[in-house]
Amino acid sequence: MSRKKIITGAFSAAASTYETAARAQVWAADTLAGRLGEAAGPLRVLELGCGTGLLTRRLVNALPAGSQILATDLSPVMVQAASAALPDVAFAVMDAEAPHVAGPFDLIASSLAAQWFTDLPGTLARLAGLLAPHGRLLLTTLGAGTFAQWKDAHRALGVESGVPDYPGTAALAAMLPGARVESSPLTLSYKDARTFLLSLLALGAQTPKPGHRPLSPGQVRRIIKAMGSPCAITWDILLLDYRRENGP
């Protein structure tokens, strides 16, 4: 099974539990919505990785009346869950890395979905090409400092974690010339590391980086014990803001 199908299956299975564990996701969606500012008139909007509609709901509330939102996700189950709560929004199942939509869009938005892209630089370039003149690409994703405590605990025991290799601010900005990127770390407290792992399962976000060799149950128990109770876990939220200049 392909990695993309594994990721899709994990999120589909978590559609009913996602928002119970989505503390960082809510914070990231609020952060993105807070950067929208005021538009002079209705916008044509494309959302990528809408999930259960956390960001979608905020876009509906923040954008001018008459704005047209097309919210998309790779998971049909997530799309069904989001559309049930937002009947006035257009939804579609779509792979953000191969967008089969006709632009141009005034705004392309995505919150905590881009970290799952296989080809992030290529996808950012394709999305920028779907923007109208002066259109805006605004997204949040995970950065290099994500789950630092979890990774440190692994290193202390001489093993490697399955946390993907997320980019830093400079690396992400370099993927899309002209983009501004900033890091806003969010540190959350969990009862213990086992609770943290269960929260990832509830989110559907448990898929490790490609090629990761799973740890033995004993190794996992030692890491959980080493992290103590309660334990702190940092989500390094990167916000990318890009505006297309006038012209093709």
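Can you find a residue that is at positive phi and of a type outside the set (Phe, Trp, Tyr) anywhere in segment 32-44? Yes, because at least one residue in segment 32-44 is at positive phi and of a type outside the set (Phe, Trp, Tyr). Run down LEU172, LEU215 and say which single residue is buried (at least 16 other Cβ atoms within 10 Å of the Cβ) and not in a loop (DSSP other than H, G, I, E, B). The conditions single out LEU172. Filtering segment 6-34 to residues that are over 24 Å from PRO210 (Cβ atoms) and over 16 Å from the mean Cα position of the chain (by Cα) leaves SER16, THR17, THR20, GLY34. Quick one: which of ALA102, ALA96 is hydrophobic (A, V, I, L, M, F, W, C) and free of Cβ contacts under 8 Å to residues at least 12 places away in the same chain? Criteria check complete, one pass: ALA102. Look at LEU188 and say whether it is surrounded by fewer than 18 Cβ atoms within 10 Å (Cβ to Cβ), within 24 Å of ALA29 (Cα to Cα) and in contact with a helix residue (DSSP H, G or I) (Cβ under 7 Å, 6 or more places away or on another chain). Yes, satisfied.
A search for C-beta distances below 7 Å between a residue of segment 115-140 that is farther than 15 Å from PRO99 by Cα and any residue that is surrounded by fewer than 14 Cβ atoms within 10 Å (Cβ to Cβ) and among the small types (Gly, Ala, Ser), counting only pairs 6+ apart in sequence or on different chains, returns PRO133/GLY247. Can you find a residue in segment 239-248 that is assigned to a helix (DSSP H, G or I), surrounded by fewer than 17 Cβ atoms within 10 Å (Cβ to Cβ) and more than 24 Å from the chain's Cα centre (by Cα)? Within segment 239-248, not a single residue is assigned to a helix (DSSP H, G or I), surrounded by fewer than 17 Cβ atoms within 10 Å (Cβ to Cβ) and more than 24 Å from the chain's Cα centre (by Cα).
Looking only at residues that are of a type in the set (Gly, Ala, Ser) and under 17 Å from the mean Cα position of the chain (by Cα) in segment 123-152, which one is surrounded by the fewest Cβ atoms within 10 Å (Cβ to Cβ)? My answer is ALA144.
Per-residue answers, yes or no, for (1) more than 17 Å from PHE105 (Cβ to Cβ); (2) among the acidic types (Asp, Glu):
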site: ASP30; (1), (2): yes, yes
site: LEU36; (1), (2): no, no
site: ARG44; (1), (2): no, no
site: LEU48; (1), (2): no, no
site: GLY53; (1), (2): yes, no
site: LEU59; (1), (2): no, no
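Does ALA13 qualify as being modelled with pLDDT of 95 or more, over 30 Å from ILE233 (Cβ atoms) and out of contact with any helix residue (DSSP H, G or I) (no Cβ under 7 Å at 6 or more places or on another chain)? Considered against the rule, which asks whether it is modelled with pLDDT of 95 or more, over 30 Å from ILE233 (Cβ atoms) and out of contact with any helix residue (DSSP H, G or I) (no Cβ under 7 Å at 6 or more places or on another chain), ALA13 comes out as no.
Which of the residues spanning segment 117-132 are assigned to a loop (DSSP other than H, G, I, E, B), more than 17 Å from GLN68 (Cα to Cα) and among the hydrophobic types (A, V, I, L, M, F, W, C)?
PHE117
Listed by position, the strands (runs of 3 or more DSSP E) contained in segment 1-116 that have at least 3 residues being crowded, with 18+ Cβ neighbours inside 10 Å are 44-48, 68-73, 105-111. Restricting attention to segment 63-77, the residues that are within 18 Å of HIS100 (Cβ to Cβ), out of contact with any Phe, Trp or Tyr (no Cβ under 6 Å at 6 or more places or on another chain) and of a type in the set (A, V, I, L, M, F, W, C) add up to 3.
Given the residues LEU198, LEU240, which is the only one that is within 30 Å of GLY135 (Cβ to Cβ) and either aliphatic (A, V, I, L, M) or out of contact with any helix residue (DSSP H, G or I) (no Cβ under 8 Å at 6 or more places or on another chain) (or both)?
Testing whether each residue is within 30 Å of GLY135 (Cβ to Cβ) and either aliphatic (A, V, I, L, M) or out of contact with any helix residue (DSSP H, G or I) (no Cβ under 8 Å at 6 or more places or on another chain) (or both) leaves just LEU240.
The values are calculated or read from the model by the stated rules, or taken from the named source; none is laboratory data. Because the structure is predicted, anything quoted here is derived from the model rather than measured. Please note: Cβ atoms are built from the backbone with ideal geometry, for glycine as well, and neighbour counts cover all protein chains shown.
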